[in-house]
Amino acid sequence: MKEPTLGNPQNTIAVLQKYNFVFQKKYGQNFLIDTHVLDKIIRAAEIGKEDCVLEIGPGIGTMTQYLSCAAKKVTAVEIDRALIPILEDTLDGYDNVKIINEDVLKVDLAKLAEEENDGKPFKVVANLPYYITTPIIMGLFEGHVPLRSITVMVQKEVADRMQTGPGTKEYGALSLAVQYYAKPYIVANVPPNCFMPRPKVGSAVIRLERYQEPPVKVEDERLMFRLIRASFNQRRKTLANGLKNSPELDLTREEIGSAIEALGRGASIRGEALTLEEFANLSNIVYNMKK
Ligand code: SAM
């Protein structure tokens with residue numbers, strides 16, 4: 001197996017110039033040019049020779065080379081057609097890599113796991129395009145894609161939102177959704193100078209370890225997520241008003257009042273004060289009330 005050749009500024013510039021590559025802002029293209037960061041991501045993802053990796057957005061193939069060396073197999077989905085001939089060049093000789101030229105949001109990833117890994121769980125590793133971080137992560141979880149862990153570079157602020165609990169301004173629907181499916185852990189903060197071109201924001205590598213079973217028991221997941229969305233859509237309002245104003249819920253003031261009382265919280269409580277466990281309890285109370 002070949003050693004990685006990319007990951008530093010000189011070789012990245014050489015590849016970009018050879019192909020006259022023009023960065024597409026709309027695709028969130030910020031390529032990694034720091035070998036220490038790449039090593040850190042591979043270590044945090046705990047990739048072994050038995051693992052099949054799904055990489056989202058391989059770019060010019062920098063991280064793909066590292067993943068290829070560590071894993072049994074790498075399947076990488078890249079939207080930008082202009083990068084495909086470049087990937088064929090930079091990944092020449094990395095024989096366990098398959099490139100798929102598609103929009104990852106349109107790919108049936110559960111089916112891909114079936115085809116590429118006999119339905120066994122992927123490890124997802126990526127330097128994500130920041131403009132679609134949330135739909136990618138939620139699509140992986142809600143689409144029930146078989147996966148063991150997700151180790152990804154995201155905007156620092158988004159990593160904080162995924163990891164935080166009640167009582168902070170970052171806490172919201174994304175925190176609760178991520179923590180329902182996985183255990184988050186911030187691996188490293190990464191400054192803009194580790195990328196080409198430099199992003200305007202700080203970045204962080206976060207690892208999400210998928211739970212076998214969610215940490216709370218919920219009768220109806222969709223109902224719980226509707227309640228969560230309703231609570232955070234109107235952050236400044238009380239939980240009762242947030243639930244009453246939601247177009248996704250059909251609850252009377254009386255039903256909402258008695259559900260919040262059964263939860264053991266006062267009428268003036270705001271949704272942002274509830275833990276995941278309390279949202280699970282609230283949704284089970286509402287579920288039983290409506291049954
Ligand atoms: N992995 C490379 C690296 O670390 O140098 C590139 C990372 S760059 C932040 C994001 C990559 O995702 C780009 O190559 C971009 O073209 C690709 N991308 C953007 N939107 C995508 C989509 N919807 N589906 C698949 N790939 C996408």
So in segment 117-155, with the set limited to residues that are of a type in the set (D, E, K, R) and surrounded by fewer than 19 Cβ atoms within 10 Å (Cβ to Cβ), which one is modelled with the highest pLDDT? ARG148
Out of curiosity, is SER175 in a strand (DSSP E or B), closer than 28 Å to LYS40 by Cα, in contact with a Leu (Cβ under 9 Å, 6 or more places away or on another chain) and open to solvent by less than 50 Å² (accessible area, probe 1.4 Å)? no
Answer from VAL124, VAL145 - the residue that is outside any helix (DSSP H, G or I), within 14 Å of the ligand (Cβ to nearest atom) and in contact (Cβ under 8 Å) with a residue 12 or more places away in the chain: VAL124
Pull up segment 248-287, narrow it to residues that are without any contact (Cβ under 8 Å) to a residue 12 or more places away in the chain and in contact with a helix residue (DSSP H, G or I) (Cβ under 9 Å, 6 or more places away or on another chain), then point me to the one that is farthest from PRO214 (Cα to Cα). THR252
Within segment 35-49, count every residue that is open to solvent by less than 80 Å² (accessible area, probe 1.4 Å), without any contact (Cβ under 8 Å) to a residue 40 or more places away in the chain and assigned to a helix (DSSP H, G or I). 3
Which condition number does ILE84 fail, the rest of (1) under 22 Å from the mean Cα position of the chain (by Cα); (2) open to solvent by less than 60 Å² (accessible area, probe 1.4 Å); (3) more than 10 Å from the ligand (Cβ to nearest atom) being met? (1)
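So which residues in segment 228-256 are assigned to a helix (DSSP H, G or I) and either within 15 Å of PRO166 (Cα to Cα) or open to solvent by 40 Å² or more (accessible area, probe 1.4 Å) (or both)?
Listed by number, the residues that qualify are ILE228, ARG229, SER231, PHE232, ASN233, LEU239, ASN241, LYS244, ARG253, GLU254, GLU255.
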In segment 9-34, which residue that is farther than 13 Å from THR90 by Cα, within 12 Å of the ligand (Cβ to nearest atom) and among the polar types (S, T, N, Q) is least open to solvent (accessible area, probe 1.4 Å)? GLN29
Can you name the number of the only condition in (1) assigned to a helix (DSSP H, G or I); (2) at pLDDT 95 or above; (3) of a type outside the set (A, V, I, L, M); (4) within 30 Å of VAL187 (Cα to Cα) that PHE225 fails? (2)
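The values are calculated or read from the model by the stated rules, or taken from the named source; none is laboratory data. Quick caveat: nothing in here was measured; it's all calculated off a predicted structure. No Cβ is skipped: glycine too gets one built from the backbone with ideal geometry, and neighbour counts run over all protein chains shown. Surface areas here come from the heavy atoms of the whole protein model, side chains and all, with no ligands, DNA or RNA. Shrake-Rupley method; radii C 1.70, N 1.55, O 1.52, S 1.80 Å.
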